[in-house]
């Protein structure tokens, strides 16, 4: 019997600054209060919150005419690019759907059990549209729900006064071919609440999905149980595993490309090459400095405050560190990609090779970009058709299977003290 492998403690060439505790009780209290106000006051309160928080006085529902006008303003090249990406996303979601199936099996003579796959009836998709216009989030959420077979898919997106239709034209155009049944110009807590509680003529959502700010994430967390959610998401994060074969400039840009999301976005480099580590440490702030504002400041703050460079003694130790961190995005830029694919265990989405940059998966490659953050990849994956499907079971008992099944059930029930479940229905 071989001895267990010893994993040494890695060295930190750069370490993140200590962070305050994650729980924000003031945020939780605020979100809980506002959710309760919307639930009690309904559409009137949701409209008031839109006026006060988003400075929006326009209509809440974005109807077919406004959607068509928005679509007409979108450049054809962008429409073509959206169609290309959306086709990839739909095809991958369909492949996921085809990988699971309904089944039945005769466990014993006369005892048949099976499973069915039933889509939820209504899904609510949150599409961010504030600082960034998340075209990709519209594709990732609505397309996947429709491929799963969800009958009614609603989308909410924050209203913007500078948008003629109430929300960015490109987002509204994208929601059309993706299959959104209704679109509301509502952001934040009020948008989430409208979908959860079935306001403005929406059916109450069975599941809420999509990324958003801390208020959106907390609203979904507080509603979980009453409705399903995709996950409790925090700031986006990314880890690069790189050995001495990697290009330091490519690694640095891949890290900064994720750090630009915001000052609270952690990024990690895990490597066994001291030379690569030192060069990436030199290059990363230079790459960030090339970005326009506000991306430059966000990337520099994230890199300086939360960026880490971890130096290991070999690829097994590198893989162990990656599994410990369990990043949202895991990018391997190292030799023997098949070894890494087979070995790694904890990530939201895996990007193999320098060519497979995280941005491809975030936008157009086909895999979903709604992924677990903050280490949640230890126990869950990202958004997929599976999130919109209920795997339910059924059973049927024929006379020839009844006697032994009843006897065994009665025996176990009696041992547990549950006399009502013994075999009185089936006297010997």
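Each reported figure results from applying straightforward, stated rules to the coordinates on display, with no laboratory input. Computed from a predicted structure; not experimentally measured. Cβ placement follows ideal geometry from the backbone for every residue including glycine, while neighbour counts extend to all protein chains displayed.
Could you grab me the full set of residues in the range 166-183 that are touching a strand residue (DSSP E or B) at 6+ places or on another chain (Cβ under 8 Å) and farther than 10 Å from residue 127 by Cβ?
Listed by number, the residues that qualify are 166, 179, 181, 182.
Which numbered condition in (1) without any contact (Cβ under 8 Å) to a residue 60 or more places away in the chain; (2) under 17 Å from residue 74 (Cβ atoms); (3) touching a helix residue (DSSP H, G or I) at 6+ places or on another chain (Cβ under 9 Å) is the only one that residue 162 fails?
(3)
Residue-wise test of (1) surrounded by 21 or more Cβ atoms within 10 Å (Cβ to Cβ); (2) in contact with a helix residue (DSSP H, G or I) (Cβ under 8 Å, 6 or more places away or on another chain); (3) free of Cβ contacts under 8 Å to residues at least 40 places away in the same chain.
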{"site": "327", "(1), (2), (3)": "yes, yes, no"}
{"site": "331", "(1), (2), (3)": "yes, yes, no"}
{"site": "334", "(1), (2), (3)": "yes, yes, no"}
{"site": "342", "(1), (2), (3)": "no, no, yes"}
{"site": "349", "(1), (2), (3)": "yes, yes, yes"}
{"site": "358", "(1), (2), (3)": "yes, yes, no"}
{"site": "363", "(1), (2), (3)": "no, yes, no"}
{"site": "371", "(1), (2), (3)": "yes, yes, no"}
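Given the condition at negative phi, surrounded by fewer than 20 Cβ atoms within 10 Å (Cβ to Cβ) and in contact with a helix residue (DSSP H, G or I) (Cβ under 7 Å, 6 or more places away or on another chain), answer yes or no: does some residue in the range 176-185 qualify?
Within the range 176-185, one or more residues are at negative phi, surrounded by fewer than 20 Cβ atoms within 10 Å (Cβ to Cβ) and in contact with a helix residue (DSSP H, G or I) (Cβ under 7 Å, 6 or more places away or on another chain).
Name the one entry in 60, 74 that is within 19 Å of residue 191 (Cα to Cα) and surrounded by 15 or more Cβ atoms within 10 Å (Cβ to Cβ). So that I can check it myself, show each step before the final result.
Details: 74 fails: within 19 Å of residue 191 (Cα to Cα).
That would be 60, the only listed residue that is within 19 Å of residue 191 (Cα to Cα) and surrounded by 15 or more Cβ atoms within 10 Å (Cβ to Cβ).
Can you tell me which residues in the range 201-221 are crowded, with 18+ Cβ neighbours inside 10 Å and within 22 Å of residue 121 (Cβ to Cβ)?
202, 205, 206, 207, 208, 209, 210, 219, 220, listed by residue number.
Here's a check for you: in the range 307-324, which residue that is surrounded by fewer than 20 Cβ atoms within 10 Å (Cβ to Cβ) and under 22 Å from the mean Cα position of the chain (by Cα) is nearest to residue 351 (Cα to Cα)?
323
For the range 107-148, which positions are touching a strand residue (DSSP E or B) at 6+ places or on another chain (Cβ under 7 Å), in a loop (DSSP other than H, G, I, E, B) and over 23 Å from residue 162 (Cβ atoms)?
Result: 110, 120, 121.
Can we say residue 90 is without any contact (Cβ under 8 Å) to a residue 60 or more places away in the chain and in a helix (DSSP H, G or I)? Step through it out loud before you land on a result.
On the way: without any contact (Cβ under 8 Å) to a residue 60 or more places away in the chain: yes; in a helix (DSSP H, G or I): yes.
Yes; evaluated as a whole, the condition is true for this residue.
Take residue 391 and tell me if it is touching a residue at least 60 places away in the same chain (Cβ under 8 Å), over 23 Å from residue 276 (Cβ atoms), part of a loop (DSSP other than H, G, I, E, B) and under 25 Å from the mean Cα position of the chain (by Cα). Even if it seems obvious, please write down each step before you answer.
Working: touching a residue at least 60 places away in the same chain (Cβ under 8 Å): yes; over 23 Å from residue 276 (Cβ atoms): yes; part of a loop (DSSP other than H, G, I, E, B): no; under 25 Å from the mean Cα position of the chain (by Cα): yes.
When the stated conditions are applied, residue 391 does not pass them.
Of the residues that make up the range 358-378, is at least one farther than 28 Å from residue 178 by Cα and part of a strand (DSSP E or B)?
Taking every residue of the range 358-378 in turn, none turns out to be farther than 28 Å from residue 178 by Cα and part of a strand (DSSP E or B).
Of all residues being buried (at least 24 other Cβ atoms within 10 Å of the Cβ) and out of contact with any strand residue (DSSP E or B) (no Cβ under 6 Å at 6 or more places or on another chain) in the range 261-290, which is farthest from residue 301 (Cα to Cα)? Just the residue, please.
Here the answer is 284.
Could you grab me the full set of residues in the range 235-256 that are surrounded by fewer than 21 Cβ atoms within 10 Å (Cβ to Cβ) and farther than 21 Å from residue 338 by Cβ?
Residues satisfying the conditions are 235, 249, 253.
If you go through the range 400-422 one residue at a time, do you hit one that is touching a residue at least 24 places away in the same chain (Cβ under 8 Å) and exposed (fewer than 12 other Cβ atoms within 10 Å of the Cβ)? If you could, list the steps in order and put the result at the bottom.
From the range 400-422, those touching a residue at least 24 places away in the same chain (Cβ under 8 Å) are 400-402, 404-405; that's our starting set.
Checking which are exposed (fewer than 12 other Cβ atoms within 10 Å of the Cβ) leaves us with 400.
Scanning the range 400-422 turns up at least one residue that is touching a residue at least 24 places away in the same chain (Cβ under 8 Å) and exposed (fewer than 12 other Cβ atoms within 10 Å of the Cβ).
What number goes with the only condition from (1) closer than 30 Å to residue 114 by Cα; (2) under 19 Å from the mean Cα position of the chain (by Cα) that residue 411 does not pass?
Of (1) closer than 30 Å to residue 114 by Cα; (2) under 19 Å from the mean Cα position of the chain (by Cα), only one is false for residue 411: (2).
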